[in-house]
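Trainee: Below is a structure I'd like to ask you about.
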């Protein structure tokens, strides 16, 4: 017996997919949103993006070092992805320390304390965003007007559409008027808001890429968006002067970014298709509740975090119906 | 009617006893390792909460207040709760020995569960009517159970994670409870409670 | 004042009545000894006794179904205390400790194939009886180390399981899962062991392992009382365990393949003589 | 018409480079090592001793028990040893070693068979035919090697109404069944007639994946005169798995833990049907089979008609030898085949293929943490949660794994194939299945 072969359990073939490739695909899908952010908010957006990614990478490296684990997982792209997602959830005017702190919170508290990639129960970027939002509400809601640098004016602040409506309804019980032209702005992203959530088009282009690469399935994003549209639609039909129409709800705020990129985070969402639909519905329901009745103008982040918390239970009670379970109840 | 629903919603989500008021943390951390146990604990606490609210409401308005001995409130309430917990303990031991074992020391400890006393006292403080009080109690109990079950689900999952040595056990559970509470902050301002 | 006393007393009385009634209605028989036994048990729930958790064992002992000496982690002290609770004479237990009787790590023993797959010896054993050429050798994938509830088993860099005799409580949990049966329970009083698990003939053993027992009889000649050789494998005669076997140490230096070792103090590493022999 | 398929599954690259190569005979090796355990069930009992002269097709080992079949000499020669030899299972197991005399002679100078049948086989009673199938040592040739006569003996009360011929060959690389259907459809059809007679079924279907249009055409042609449906199936692994095939063809779900018989179906591989025809019509026992010898490390991949007991080394030489250093030898297909310790292992009745991989074709990347991407869930044809079961399996949480239906896993390998974290899901699930069964036996 001179030869020594590999022995392994079947299968002996592999699709070639790797975690790195999955992460890379999501990063590519985020590029349109990043580019539009830089287009609308200029250098500030670019700085925030880079700083956030760098902060996440440093935090990840430090955590791995402290645990004495191999630095190889640094290259899997998950830290870069978390950084990008967090940056896209920050206002352009976010001070540098906020960005750096956010990156560190996302990686350390959001991910590494649970054992790193694949084990975090909550979406790390959203954990960081919510921590920042609650800890530094002023900085997190100081929005710059888009294209401010292009018009030569420095840092004009303005409110997000959702914020504007919420304030108006609270003060006057009436919505401000929406011009038809505004819809176009909401679609392209010419409005105030977080870096990544402003441009619906850019997010949708990225989402299309994810669908094409089969990184995500329709279950979560579609149920999420449809739930929001239907529920807000009902309220709008009841009282259009108080409640914005569903299209505005879908196009503004972080709904699309959240539905396609945050709620679909594999690690923190259910694995079965039934579970995903429940998850998407829950996200939509809570988003609408918070947007219409809550103290915060935007509820996507909280909604996804809450459903993240429910994911283990959803997984537990919605296993797929096994093949051959004929007339048999599967628990 | 709307008022009642709002009280219910507020007690479940907005002012969740565990995650927003930080009451009843002891069983929340103690018996949330398994979903089944968490459900059992939630039910036990729910029962004690609801009955205790009813009894203490009557005691408050028919004995303590008429006799002008409200300074005895705490001690009387505790007495009622303790008796109820004893009762629940006996029933569970008889009906479900497995649950009795897994709840262990945390079952008698419901007596000192500040969520129960807190509920009874808040109920009086807020000057709720009897019906409102019951809704408040049901909401609080549901909120407690919800928090317990969500948290137990998360902990079951974390049990399978290679958590760094220094964070294992209670530390990671605390971090998770914090994050869960953070997520519940989203409901803030929804209902004035 | 009177109202206060009366009302408080009244409430207390009502509660007492209700509880008294409930106590009758929901009475459950509890064996007080069971709780007492549970109290003395170590609470590791290791399952060494064969019952699911310490609670199960406590119940079984209290009911008289099993003997009190089945708790190795507790040691003689626990046994004595349990015996006192249930009122029987304490039986002397011989504390045991688990030993990996193999030194054939990656450096010293050959493998017949390259294993790809999960780090679990039982899974590797299913592929052509495991990668190690020696049929008894430690596969080194750490199944026992993962199972040990007391953290007593570590894996060396060269993929060999080593048991820390100070941490091992003798719970036997590692013995059955090992697909090579390379972990043996030995009396704690003996620290010298023949660290080989191959029953192959000497010539064959030499082909695949530098530190395997070749059944050369030298140990038995040096200390005839202390060693037995069965089926081409020497081992310490543990029957003399209670009094440390006479002359058992004498053979350590005699063994040509260095497979007799004294665990206490932990042995120095085997001198590396030559690179691993080629696969046979 | 909607192309039929089952839920889940995936489509790995086919690599069926040998599809256009006609079946070739294989030269006689110097030594035939015929293991006694070549089928599911009890190994056979040798009935020859060293020094015996045997003819081709002569019984050399007798079955033990009902779920067992006899073993036959695959060429004429002298028995040189009856001893444990390295078996494809990875350990030495009892085998009969024959030194061929080179004449490759059937007994009594008969040509191409032992005892040609002089009457129309369809006039014989089913029980007689079943015995003949058993005596010829016919087992399922798809790879599982379950004794065919057992499958043809449904217990009383189980009414069989459909016979499905499995011509799917969904495993990548393998083309043996494909070539058989193209070149020898009449053998298959003769076998089908006999199987139909034994089972007394009304409906007979042949399921073939769409990627073999030529085979579909040939079989449709051949079946023109008969009442047999040739059904084109979507190219989707594991279409050839018994329960998945039944679902695709009939829409019936075999109950979990049940057998095809429970839904009135018997599935036979097309190769098995051909072997049945040989056994009944020519009295020719199962001493050879068609196998695909292929893989990137091989100079000239071929479809060979191999004698049972031929060493893999001989088969490799027959295909022009090795092009590159081979690092992994797989008996069967790449998705469900078994890796081999050495090339000095005999081909057995279940050897549907031999795959030799070079270092470029072997994925040695180490596993990472599960990112819960749920790809394994979406491809699992048994509709399980492979990642969940595996996570429990890795922590010895047997009861939890059982609760998530670990025992329903068919070990097709889709989950591990698609896993981006490269987790050997099937291996850990297989491991825990063993543990569950062991626990059940204990209690």
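The values are calculated or read from the model by the stated rules, or taken from the named source; none is laboratory data. This one's a predicted model, so the numbers in the text were calculated from it and none came from an experiment. All Cβ positions, even for glycine, are placed from backbone atoms using ideal geometry, and neighbour counts span all protein chains on display.
Trainee: Name, by its number, the condition in (1) outside any loop (DSSP other than H, G, I, E, B); (2) within 20 Å of residue B:177 (Cβ to Cβ) that does not hold for residue B:19.
Mentor: (1)
Trainee: Tell me whether segment D:415-429 contains one or more residues that are touching a strand residue (DSSP E or B) at 6+ places or on another chain (Cβ under 9 Å), without any contact (Cβ under 8 Å) to a residue 12 or more places away in the chain and over 12 Å from residue D:376 (Cα atoms).
Mentor: Taking segment D:415-429 and keeping what is touching a strand residue (DSSP E or B) at 6+ places or on another chain (Cβ under 9 Å), we get D:417-418, D:424, D:427.
Okay, now just the ones that are also without any contact (Cβ under 8 Å) to a residue 12 or more places away in the chain, so D:427.
In the following step, the residues that additionally are over 12 Å from residue D:376 (Cα atoms) were identified as D:427.
There is at least one residue in segment D:415-429 that is touching a strand residue (DSSP E or B) at 6+ places or on another chain (Cβ under 9 Å), without any contact (Cβ under 8 Å) to a residue 12 or more places away in the chain and over 12 Å from residue D:376 (Cα atoms).
Trainee: For segment C:124-155, enumerate the residues that are facing chain D (nearest Cβ under 9 Å), assigned to a loop (DSSP other than H, G, I, E, B) and in contact with a strand residue (DSSP E or B) (Cβ under 9 Å, 6 or more places away or on another chain).
Mentor: Correct list: C:127, C:128.
Trainee: Return yes when residue A:48 is more than 11 Å from chain D (Cβ to nearest Cβ) and at pLDDT 90 or above and no when it is not.
Mentor: Numbers: more than 11 Å from chain D (Cβ to nearest Cβ): yes; at pLDDT 90 or above: yes.
When the stated conditions are applied, residue A:48 passes them.
Trainee: Residue check, residue D:220 against (1) part of a helix (DSSP H, G or I); (2) out of contact with any helix residue (DSSP H, G or I) (no Cβ under 9 Å at 6 or more places or on another chain); (3) crowded, with 17+ Cβ neighbours inside 10 Å, all met but one. Which one?
Mentor: Failing condition for residue D:220: (3).
Trainee: Out of D:239, D:225, D:253, D:268, report the one residue that is in contact with a helix residue (DSSP H, G or I) (Cβ under 8 Å, 6 or more places away or on another chain), without any contact (Cβ under 8 Å) to a residue 24 or more places away in the chain and not in a helix (DSSP H, G or I).
Mentor: Values: D:239 fails: without any contact (Cβ under 8 Å) to a residue 24 or more places away in the chain; D:225 fails: in contact with a helix residue (DSSP H, G or I) (Cβ under 8 Å, 6 or more places away or on another chain); D:268 fails: without any contact (Cβ under 8 Å) to a residue 24 or more places away in the chain.
After ruling out the rest, the residue left standing is D:253.
Trainee: Within 11 Å of chain A (Cβ to nearest Cβ) and at positive phi: which single residue out of D:320, D:257, D:333 fits that description?
Mentor: Working: D:320 fails: within 11 Å of chain A (Cβ to nearest Cβ); D:333 fails: at positive phi.
None of the others qualify; the one that does is D:257.
Trainee: Let me ask something else about it. Select from segment A:231-249 the residues that are part of a helix (DSSP H, G or I), in contact (Cβ under 8 Å) with a residue 40 or more places away in the chain and surrounded by fewer than 22 Cβ atoms within 10 Å (Cβ to Cβ) and list them in ascending order. Break it down into steps so the answer makes sense when it comes.
Mentor: Pass one, segment A:231-249, residues part of a helix (DSSP H, G or I): A:231-238, A:246-249.
Remaining after also requiring in contact (Cβ under 8 Å) with a residue 40 or more places away in the chain: A:231-232, A:235, A:247-249.
Result: A:231, A:235, A:247, A:248.
Trainee: Would you confirm, using the coordinates I've provided, whether residue A:106 is in a helix (DSSP H, G or I), touching a helix residue (DSSP H, G or I) at 6+ places or on another chain (Cβ under 8 Å), away from chain D (no Cβ under 14 Å) and buried (at least 24 other Cβ atoms within 10 Å of the Cβ)?
Mentor: Values: in a helix (DSSP H, G or I): yes; touching a helix residue (DSSP H, G or I) at 6+ places or on another chain (Cβ under 8 Å): yes; away from chain D (no Cβ under 14 Å): yes; buried (at least 24 other Cβ atoms within 10 Å of the Cβ): yes.
Here the answer is yes, as residue A:106 does meet what is asked.
Trainee: Is at least one residue of segment A:153-161 closer than 21 Å to residue A:301 by Cα, within 14 Å of chain D (Cβ to nearest Cβ) and in contact (Cβ under 8 Å) with a residue 24 or more places away in the chain?
Mentor: For segment A:153-161, residues closer than 21 Å to residue A:301 by Cα, within 14 Å of chain D (Cβ to nearest Cβ) and in contact (Cβ under 8 Å) with a residue 24 or more places away in the chain: absent.
Trainee: Would you say residue B:53 is in a helix (DSSP H, G or I) and closer than 13 Å to residue B:124 by Cα?
Mentor: Numbers: in a helix (DSSP H, G or I): yes; closer than 13 Å to residue B:124 by Cα: yes.
In short, yes.
Trainee: For residue D:356, all conditions in the list (1) within 10 Å of chain A (Cβ to nearest Cβ); (2) crowded, with 24+ Cβ neighbours inside 10 Å; (3) farther than 18 Å from residue D:17 by Cα hold save one; what is the number of the exception?
Mentor: (3)
Trainee: When you check residue B:45 against the structure, is it under 15 Å from the mean Cα position of the chain (by Cα), more than 11 Å from chain C (Cβ to nearest Cβ) and surrounded by fewer than 20 Cβ atoms within 10 Å (Cβ to Cβ), yes or no? Before the answer, list the steps.
Mentor: Details: under 15 Å from the mean Cα position of the chain (by Cα): yes; more than 11 Å from chain C (Cβ to nearest Cβ): yes; surrounded by fewer than 20 Cβ atoms within 10 Å (Cβ to Cβ): no.
So residue B:45 fails the test.
Trainee: Now a separate question. Take segment D:392-404 and flag every residue that is more than 10 Å from chain A (Cβ to nearest Cβ) and assigned to a helix (DSSP H, G or I).
Mentor: Here is the first cut: in segment D:392-404, the residues more than 10 Å from chain A (Cβ to nearest Cβ) are D:392-402.
Of everything in segment D:392-404, those that are more than 10 Å from chain A (Cβ to nearest Cβ) and assigned to a helix (DSSP H, G or I) turn out to be D:392, D:393, D:394, D:398, D:399, D:400, D:401, D:402.
Trainee: Any residue in segment A:256-266 that is in a loop (DSSP other than H, G, I, E, B), touching a helix residue (DSSP H, G or I) at 6+ places or on another chain (Cβ under 7 Å) and either more than 12 Å from chain B (Cβ to nearest Cβ) or crowded, with 24+ Cβ neighbours inside 10 Å (or both)? Before you say what the answer is, go through the steps one by one.
Mentor: At the first step, the residues of segment A:256-266 found to be in a loop (DSSP other than H, G, I, E, B) are A:263-265.
From what's left, touching a helix residue (DSSP H, G or I) at 6+ places or on another chain (Cβ under 7 Å): A:263-264.
Remaining after also requiring either more than 12 Å from chain B (Cβ to nearest Cβ) or crowded, with 24+ Cβ neighbours inside 10 Å (or both): A:263-264.
Checked against the condition, which is being in a loop (DSSP other than H, G, I, E, B), touching a helix residue (DSSP H, G or I) at 6+ places or on another chain (Cβ under 7 Å) and either more than 12 Å from chain B (Cβ to nearest Cβ) or crowded, with 24+ Cβ neighbours inside 10 Å (or both), segment A:256-266 yields at least one hit.
Trainee: Just to check your reading of the model, which residue among D:341, D:357, D:322, D:315 is under 27 Å from residue D:188 (Cα atoms), outside the structural domain of residue D:133 (by TED's automatic domain parsing) and touching a strand residue (DSSP E or B) at 6+ places or on another chain (Cβ under 7 Å)? Please lay out each step first, then the result.
Mentor: Working: D:341 fails: under 27 Å from residue D:188 (Cα atoms); D:357 fails: under 27 Å from residue D:188 (Cα atoms); D:322 fails: under 27 Å from residue D:188 (Cα atoms).
Every option except D:315 fails the conditions.
Trainee: Give the residues of segment D:337-383 that are in a loop (DSSP other than H, G, I, E, B), touching a helix residue (DSSP H, G or I) at 6+ places or on another chain (Cβ under 6 Å) and closer than 29 Å to residue A:115 by Cα, sorted by residue number.
Mentor: Passing the criteria: D:368, D:370, D:371, D:372, D:373, D:380.
Trainee: Residues of segment C:151-161 being farther than 15 Å from residue C:99 by Cβ, surrounded by 15 or more Cβ atoms within 10 Å (Cβ to Cβ) and under 16 Å from the mean Cα position of the chain (by Cα), which ones?
Mentor: Residue satisfying the conditions is C:155 alone.
Trainee: Let me ask another. Give me the residue from segment C:83-123 that is assigned to a loop (DSSP other than H, G, I, E, B) and within 14 Å of chain A (Cβ to nearest Cβ) and, out of that set, surrounded by the most Cβ atoms within 10 Å (Cβ to Cβ).
Mentor: First, pick out the residues of segment C:83-123 that are assigned to a loop (DSSP other than H, G, I, E, B): C:87-95, C:101-108, C:110, C:112-113, C:117-120.
In the following step, the residues that additionally are within 14 Å of chain A (Cβ to nearest Cβ) were identified as C:106, C:110, C:112-113, C:117-120.
Values: C:106: 15, C:110: 21, C:112: 22, C:113: 26, C:117: 20, C:118: 21, C:119: 19, C:120: 23.
So, considering only residues that are assigned to a loop (DSSP other than H, G, I, E, B) and within 14 Å of chain A (Cβ to nearest Cβ), the one surrounded by the most Cβ atoms within 10 Å (Cβ to Cβ) is C:113.
Trainee: Exactly one of these conditions fails for residue B:30: (1) more than 9 Å from the chain's Cα centre (by Cα); (2) farther than 26 Å from residue A:302 by Cβ; (3) surrounded by 18 or more Cβ atoms within 10 Å (Cβ to Cβ). Give me its number.
Mentor: (3)
Trainee: Among helices (runs of 4 or more DSSP H) lying entirely in segment D:94-193, which contain 2 or more residues that are farther than 22 Å from residue D:232 by Cβ and at pLDDT 85 or above?
Mentor: Filter on segment D:94-193 gives D:126-135, D:148-151.
Trainee: While we're here: Only one residue in C:36, C:15 is farther than 27 Å from residue C:151 by Cβ, at pLDDT below 85 and surrounded by 14 or more Cβ atoms within 10 Å (Cβ to Cβ), so which one is that? Give the steps one after another, and end with the answer.
Mentor: On the way: C:15 fails: at pLDDT below 85.
Exactly one residue qualifies, and that residue is C:36.
Trainee: Determine whether residue B:108 is surrounded by fewer than 21 Cβ atoms within 10 Å (Cβ to Cβ) and more than 18 Å from residue B:26 (Cα to Cα). Break it down into steps so the answer makes sense when it comes.
Mentor: Working: surrounded by fewer than 21 Cβ atoms within 10 Å (Cβ to Cβ): yes; more than 18 Å from residue B:26 (Cα to Cα): no.
It is false that residue B:108 is surrounded by fewer than 21 Cβ atoms within 10 Å (Cβ to Cβ) and more than 18 Å from residue B:26 (Cα to Cα).
Trainee: Looking at segment D:405-443 only, could you name the residues that are more than 9 Å from every other protein chain (Cβ to nearest Cβ), part of a loop (DSSP other than H, G, I, E, B) and under 24 Å from the mean Cα position of the chain (by Cα)?
Mentor: Within segment D:405-443, just D:409 meets the criteria.
Trainee: Okay, next question. Can you find a residue that is within 14 Å of chain B (Cβ to nearest Cβ) and in contact with a helix residue (DSSP H, G or I) (Cβ under 7 Å, 6 or more places away or on another chain) anywhere in segment A:321-329? Give the derivation first.
Mentor: Kept after step one, since they are within 14 Å of chain B (Cβ to nearest Cβ), are these residues of segment A:321-329: none.
Looking for residues that are within 14 Å of chain B (Cβ to nearest Cβ) and in contact with a helix residue (DSSP H, G or I) (Cβ under 7 Å, 6 or more places away or on another chain), one finds none in segment A:321-329, hence no.
Trainee: Can you name every residue in segment A:4-20 that is over 31 Å from the mean Cα position of the chain (by Cα) and more than 7 Å from chain D (Cβ to nearest Cβ)?
Mentor: Here is the first cut: in segment A:4-20, the residues over 31 Å from the mean Cα position of the chain (by Cα) are A:4-13.
Within segment A:4-20, just A:4 meets the criteria.
Trainee: Here's another thing I want to ask about it. Could you tell me which numbered condition residue B:150 fails, if it satisfies all but one of (1) touching a helix residue (DSSP H, G or I) at 6+ places or on another chain (Cβ under 9 Å); (2) away from chain A (no Cβ under 14 Å)?
Mentor: Tallying (1) touching a helix residue (DSSP H, G or I) at 6+ places or on another chain (Cβ under 9 Å); (2) away from chain A (no Cβ under 14 Å), residue B:150 fails exactly one: (2).
Trainee: So which of B:111, B:74 is touching a helix residue (DSSP H, G or I) at 6+ places or on another chain (Cβ under 8 Å), more than 26 Å from residue B:4 (Cβ to Cβ), more than 11 Å from chain C (Cβ to nearest Cβ) and modelled with pLDDT of 85 or more?
Mentor: On the way: B:111 fails: modelled with pLDDT of 85 or more.
Only one candidate qualifies: B:74.
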